[in-house]
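Asks: Starting off with a structure, shown below.
The values are calculated or read from the model by the stated rules, or taken from the named source; none is laboratory data. None of the values given here were measured: they were computed from a predicted structure. Note that each Cβ is placed from the backbone with ideal geometry, even for glycine, and that neighbours are counted across all protein chains shown.
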Amino acid sequence: MHAAVIVFPGSNCDRDMKVAFENAGAKVSMVWHKDTEMPAGVDVIGIPGGFSFGDYLRCGAIAANSPICRSVVTHAEKGGYVLGICNGFQVLTETGLLPGVLLRNARLKYICKAIDLKVETADSAYTSGYAQGEVITIPIAHHDGNYFADDATLAQLKAEDRVAFRYVDNPNGARDDIAGILSANRRVLGMMPHPERMADPVHGNTEGRKLFESLVGQLATA
Amino acid sequence: MKARVHVMLKNGVLDPQGEAVRHALGSLGFDGVEGVRQGKVIELDLAETDKAKAEATVTEMCEKLLANTVIESYSVEIS
């Protein structure tokens, strides 16, 4: 199983994501934002957390229009897997691969702490290692994590069982407590919390690890 | 030509920054401010000399990058 992790100027969770993929058994290639093509045979693309391009204009907006993101979109349109965490989620909404947008936190504060997260669906390669309704504790670290989508989009996400994670105690004002969503084909996941920061015993717990393990496991046998 | 783009959050989208400005104005003694919406202004210098073409191009820029039309509206002035 081959994962590519995109590196933008300002990415800061790219190495953590690489380690999490590697610990789950994946081969990982780091891909610079000015590259125009993915390495051959990439199964999943990871878009890491950070502050790509300094969050200029809107968070994720400049990254979403960088050369490499055209091949991210192509990969997703061909049915490939894409995982966007934190800034990666913001980039995915800006590319249009996921609906909605991440607004400034309702109380305007940058929030960095471990939070409780409810797994809302086990029906995806990312969440199949968890039980539906299971509560896991992993960190958030963001200023713009306030998920917004219009009523019709929210209704559609719910009807199609595409809300992957909800906050147990909403920290940022996100509509419907949404912390992570899936694409219609369930192969693109965007989430604000950081599973890669709770994936090694030295992190304090390893509750984020299953996300990488179930993804890698599923793709390795596919 | 010069273009000026105004980008604002759409009505109905919470603007926490605007709300913070409203509270700060209240604490400075400016009573009666019932709402504040914060947006941005983007100025562009264009080589284009045809006004209609410039407007069409800048509109395309807004759709593709300058505004996120999920939450923002925009207007374009050419001069």
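Asks: List pairs: first in the range A:180-200 and of a type in the set (Ser, Thr, Tyr), second at pLDDT 95 or above and buried (at least 24 other Cβ atoms within 10 Å of the Cβ), Cβ under 7 Å, 6+ apart or cross-chain?
Replies: Close Cβ pairs (under 7 Å, with a partner that is at pLDDT 95 or above and buried (at least 24 other Cβ atoms within 10 Å of the Cβ)) amount to A:Ser183/A:Leu98.
Asks: While we're looking at this one, here's another question. Within 26 Å of B:Leu14 (Cα to Cα) and within 12 Å of chain B (Cβ to nearest Cβ): does that describe A:Asn87?
Replies: Details: within 26 Å of B:Leu14 (Cα to Cα): yes; within 12 Å of chain B (Cβ to nearest Cβ): no.
No.
Asks: Tell me which strands (runs of 3 or more DSSP E) are completely within chain B and hold 3 or more residues being charged (D, E, K, R), or say none if there are none.
Replies: In chain B, the matching strands (runs of 3 or more DSSP E) lie at B:40-45.
Asks: Right, here's the next one. Could you list, in sequence order, all residues of the range A:188-208 that are more than 15 Å from A:Val119 (Cα to Cα) and in contact with a Ser or Thr (Cβ under 8 Å, 6 or more places away or on another chain)?
Replies: A:Met198, A:Ala199, A:Asp200, A:Asn205
Asks: Among the residues of the range A:159-177, is any part of a helix (DSSP H, G or I) and either under 20 Å from A:Gly50 (Cβ atoms) or of a type in the set (Phe, Trp, Tyr) (or both)?
Replies: If we filter the range A:159-177 for residues that are part of a helix (DSSP H, G or I), which is where we start, we get A:159, A:175-177.
Now restrict to residues that are either under 20 Å from A:Gly50 (Cβ atoms) or of a type in the set (Phe, Trp, Tyr) (or both): none.
No, that holds for no residue.
Asks: On to the next question. Name the one entry in A:Ala141, A:Ala152 that is in a helix (DSSP H, G or I), of a type in the set (A, V, I, L, M) and surrounded by fewer than 22 Cβ atoms within 10 Å (Cβ to Cβ). Write out each step before concluding.
Replies: Working: A:Ala141 fails: in a helix (DSSP H, G or I).
The match here is A:Ala152.
Asks: Which of the residues spanning the range B:54-79 are away from chain A (no Cβ under 14 Å), surrounded by 15 or more Cβ atoms within 10 Å (Cβ to Cβ) and free of Cβ contacts under 8 Å to residues at least 12 places away in the same chain? Steps first, please.
Replies: Just the residues of the range B:54-79 that are away from chain A (no Cβ under 14 Å), to begin with: B:54-59, B:75-79.
Among the residues that remain, those that are also surrounded by 15 or more Cβ atoms within 10 Å (Cβ to Cβ) are: B:54-55, B:57-59, B:76, B:78.
Listed by number, the list holds a single entry, B:Thr57.
Asks: Now for a different question. Taking interchain pairs and intrachain pairs at least six residues apart, which have beta carbon atoms under 7 angstrom, with the first residue in the range A:102-127 and within 13 Å of another protein chain (Cβ to nearest Cβ) and basic (Lys, Arg) and the second in a strand (DSSP E or B) and surrounded by 13 or more Cβ atoms within 10 Å (Cβ to Cβ)?
Replies: Correct list of pairs: A:Arg104/A:Asn146.
Asks: What is the one condition in (1) of a type in the set (S, T, N, Q); (2) at pLDDT 95 or above; (3) under 18 Å from A:Ala122 (Cβ atoms); (4) part of a helix (DSSP H, G or I) that A:Gln218 does not satisfy?
Replies: In the conditions (1) of a type in the set (S, T, N, Q); (2) at pLDDT 95 or above; (3) under 18 Å from A:Ala122 (Cβ atoms); (4) part of a helix (DSSP H, G or I), A:Gln218 misses (2) alone.
Asks: Just for the range B:22-53: of the residues that are closer than 30 Å to A:Leu102 by Cβ and charged (D, E, K, R), which one is surrounded by the fewest Cβ atoms within 10 Å (Cβ to Cβ)? Reasoning before the result, please.
Replies: Quick first cut of the range B:22-53, residues closer than 30 Å to A:Leu102 by Cβ only: B:22-27, B:33-44.
When the remaining residues are screened for being charged (D, E, K, R), the result is B:22, B:34, B:37, B:40, B:43.
On the way: B:Arg22: 17, B:Glu34: 5, B:Arg37: 15, B:Lys40: 14, B:Glu43: 9.
Per the criteria, the residue is B:Glu34.
Asks: Let me spell it out: the conditions are (1) under 17 Å from the mean Cα position of the chain (by Cα); (2) away from chain B (no Cβ under 14 Å), and A:Ala159 meets all of them except one. Which number is the exception?
Replies: Here A:Ala159 clears every test but (1).
Asks: Condition first: of a type in the set (D, E, K, R) and at pLDDT below 95. Can you find one or more residues in the range A:187-203 that meet it? Give the steps one after another, and end with the answer.
Replies: From the range A:187-203, those of a type in the set (D, E, K, R) are A:187, A:196-197, A:200; that's our starting set.
Now narrow it down to the ones that are at pLDDT below 95: A:200.
Checked against the condition, which is being of a type in the set (D, E, K, R) and at pLDDT below 95, the range A:187-203 yields at least one hit.
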